[in-house]
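What follows is a set of notes on a single structure, which appears directly below.
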Amino acid sequence: MNNFLPIIISRSQSSNLMNFFVPIIAIVLTLITGSIIFLLLGFDPIYALYTFFISPISSSYGLSELLVKATPLALIAIGLAFCFKNNIYNIGAEGQLTMGAIFGGGIGILFHDTNAFWLLPLMIFAGAIGGALWGLIPALLKNKFNTNEILTSLMLVYIALFILDYLVVGPWKDPNGFSFPKSRAFSESGRMPLLFDGLRVHFGLIITLFLIFVSWFVFSKTMFGFQLKVSGFSPKAARYAGFNQTTLIFLAFGICGAFAGIAGLSEVSGPIGLLYRDISPNYGFTAIIVAFLGRLHPVGIIFASLIIALTYLGAEDAQLFLQIPSAVGFIFQGLVLFYLLGAELLINYKLAFKKT
Amino acid sequence: MSIELIVGILEIILIATTPLVFAGIGELVTEKSGVLNLGVEGMMLVGAVTAFVTLVITGSYFLAFLISVLSGVVMSGLFAILVLFLMSNQIATGLALTIFGIGLSSMLGKEYIGTPIDGLSPWFFVIFSFVIVFLISYFFYKTKMGLILRAVGESHNSAHALGYSVIKIRFLSILFGGSMCALAGSYISICYAPMWQEGMTAGRGWIALALVVFATWKPERVLIGAYIFGGVTILQMNLQALGLRFPGQFFSMAPYIATIVVLVFISSNRLRIKLSAPASLTIPFYKGR
């Protein structure tokens, strides 16, 4: 009776071929589902998909916006790779991003009337420290008290957001801001330099690409990268080899926090220029999708960040031209992750049909 | 302070806390079976919007709640298929569910922002929230099915060896969790604040997740925890209205800080965490051939 249903058989070794194809399968299925949704809403699916995925990037302004959005996503995702490779579930990158923005932005507010070459580097450094400190809290609790990092890192997101909210309506409020919940603007030298005149893409992109390159080097050429990988595959083997899991947890959380902190700082000193409540449209959570879609690989993450950034841009255009709420971008993000996670089965298991 | 004011505040606390109880108890049942579903916020939002839209179209409160609960079944069913049959990562799948739910609810509710409806009296649901907690508690600790559900959450391999269907029990627990989350959402959009607004559950789904840990996976403690959190929130609003200078954000953080403190407390002792948390939480079940 059950002969038509495939049975799932564990593979002895995970399939590299499938590892490459699974993200592509997920994207194709998402596009098919997306067309069906657009069709149900009464739009021509080809036109809707064009509006969503092609027209936003058919100008130099659009391409620059794509890079502006992909920059924080890629940077946080590569940081998350340090955690996820070792099966450490840091899902609090949004909080680490916020703390980075608070620390770095705090320096920017303190020196709001200073113009000096050292200001931006100092802000970036402070952003990294802020994010890293916030990331080290769940690491410390996990190492010291065996506390589940999923829940602590998630809770810390909301604590960070409330701290930011307190600061911008309280002590850091712009004295000339007509009681809007925002801080003073940073000085010119506290802003990320723009890469091209008239476009918003900024120096944060260069920092991101540099850190992705460094991460690639660490993952593939260093003992630390090897240890992360082994601990992720087989904690037992890692213990037998004498790798110190405590140190790995601290390092993974610290690096991820620092990267997310830099991403937060480069948002506030890049396109925004001051601190206020809504500095991030959930980049810290969306970067989790980017990390998974990119298979935790540096090159994969670059491609994935561009694809997910496109869902943000497409959603804005869809709102403008199709009068669909921009939150439809979240539907695409959710769908692509659903399909990806579902299709991941093919990497470690194969499907077979029973013979009668 | 007059008696009326105190009674008024107590009434508001009861009304405001009820959705936390629904979502918290739903998630608790899911987690007891060994599955962590981080999609609570998404399911609540979809539950809220489907109830609201159904009410506007049909005018029937009964249909509104029915469709809403069904939406919770569908949403959590999607999650269940992925984590149980395709053995996907529960954490990532739950996050996907929340992100998807945020998008879907905004899309479904687009035409209905600002549509006025007649709200429903919350009192039936307030009482029902107490009843359901005690029913779940009875179910877990006095019935055989409850014992089996807990066993599946503790050790799915042992439960499987004893001949219980791990997948079926988890599937049903996930669906129950989803329908309670949707009920919490529909309560918010129909009783608590009769309207639809994007993201109107305002992070209550995450608080519900925190509550389950805070309650160390015990049903009655979900009720206690929910009322502490709900009470603090409402008191803070009232104190702000009375002109207290203490910044409200620090009150708002309290549930999250309390959750971390409780987590540290229960996990710092290996025996205590074993007695509290379902041992198979987030571990997928693979039957083999």
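Here are the numbers for the structure shown:
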quantity: Ellipsoid semi-axes in whole angstrom, largest first, where each is sqrt(5λ) of the Cα gyration tensor of the stretch A:8-73; calculated: 30, 21, 8
quantity: Most to least packed among B:137-144, A:165-172, B:91-98 [average Cβ atoms within 10 Å]; calculated: B:91-98, A:165-172, B:137-144
quantity: R0 of 41 Å, Cβ-Cβ distance residue A:210-residue B:261: FRET efficiency to nearest 0.05; calculated: 0.60
quantity: Under-5 Å amide H pairs with residue A:184, H placed in peptide plane, nonlocal only; calculated: A:174
quantity: The stretch A:184-267 - Debye-derived log10 I(q)/I(0), Cα point model, q = 0.19 Å⁻¹; calculated: -0.89
quantity: Cα-based convex hull volume of chain A per residue, rounded to whole Å³; calculated: 171 Å³
quantity: Degrees separating the helix B:40-58 axis from the principal Cα axis of chain B, which is the longest one; calculated: 60 degrees
quantity: Whole-percent pair-distance distribution, where bins are 5 Å wide, for the alpha carbons of the stretch A:65-151; calculated: 3, 13, 19, 21, 18, 13, 7, 4, 2, 0
quantity: Placed amide H near residue A:349: partners under 5 Å, 5+ positions off or other chain; calculated: A:11
quantity: Distance from the stretch B:89-132 to the stretch B:166-234 (C-alpha centre basis), Å; calculated: 10 Å
quantity: √(5λ) per eigenvalue of the Cα gyration tensor, the stretch B:3-276, largest first, Å; calculated: 30, 24, 17
quantity: Helical segments meeting 18 Å axial Cα length and Kyte-Doolittle -1.0 threshold in chain A (DSSP H); calculated: A:16-40, A:60-84, A:93-110, A:119-145, A:149-169, A:204-221, A:245-267, A:298-322, A:328-343
quantity: Exposure proxy ranking, count of Cβ atoms within 10 Å, fewest first, for A:256, B:191; calculated: B:191, A:256
quantity: The stretch B:19-103 - convex hull of alpha carbons, volume per residue in Å³; calculated: 87 Å³
quantity: Candidates A:55, A:269, A:179: whichever shows maximal mean-square fluctuation once chain A is modelled as a Gaussian network with Cα springs under 10 Å; calculated: A:179
quantity: Listed pairs A:144/A:221; B:32/B:144; B:168/B:218 exceeding 21 Å between Cα atoms; calculated: A:144/A:221; B:168/B:218
quantity: Relative pair counts by distance (%), Cα atoms of the protein assembly as shown, 20 Å bins; calculated: 18, 54, 26, 1, 0
quantity: Relative contact order for chain A, counting Cα pairs under 8 Å that sit 6 or more residues apart, in percent; calculated: 35 percent
quantity: Separation in nanometres of the label points that stand 7 Å from Cα toward Cβ, at residue A:122 and residue B:224; calculated: 5.1 nm
quantity: Relative contact order (percent, whole number), chain B, Cα cutoff 8 Å, 6+ residue spacing; calculated: 36 percent
quantity: Within 10 Å of each Cβ in B:259-267, the average number of Cβ atoms from other chains; calculated: 5
quantity: For B:50, A:98, order by how many other beta-carbon atoms lie within 10 Å, fewest first; calculated: B:50, A:98
quantity: Nearest-20 debye value, chain B charge dipole, Cβ charges on Lys, Arg, Asp, Glu; calculated: 1200 debye
quantity: Cα convex hull of the stretch A:212-354, projected area averaged across orientations, nm²; calculated: 12.9 nm²
quantity: Bins of 5 Å from zero: percent of alpha-carbon pairs in the stretch B:153-223; calculated: 3, 13, 16, 19, 18, 13, 8, 5, 3, 1
quantity: Likely footprinting exposure, B:176, A:111, B:134, fewest C-beta neighbours within 10 Å first; calculated: B:134, A:111, B:176
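No lab work stands behind these numbers, since they all come straight from the coordinates. Owing to the predicted nature of the structure, the values given are computational and were not obtained by experimental measurement. Cβ: placed from backbone, ideal geometry, glycine included. Neighbour counts: every protein chain shown.
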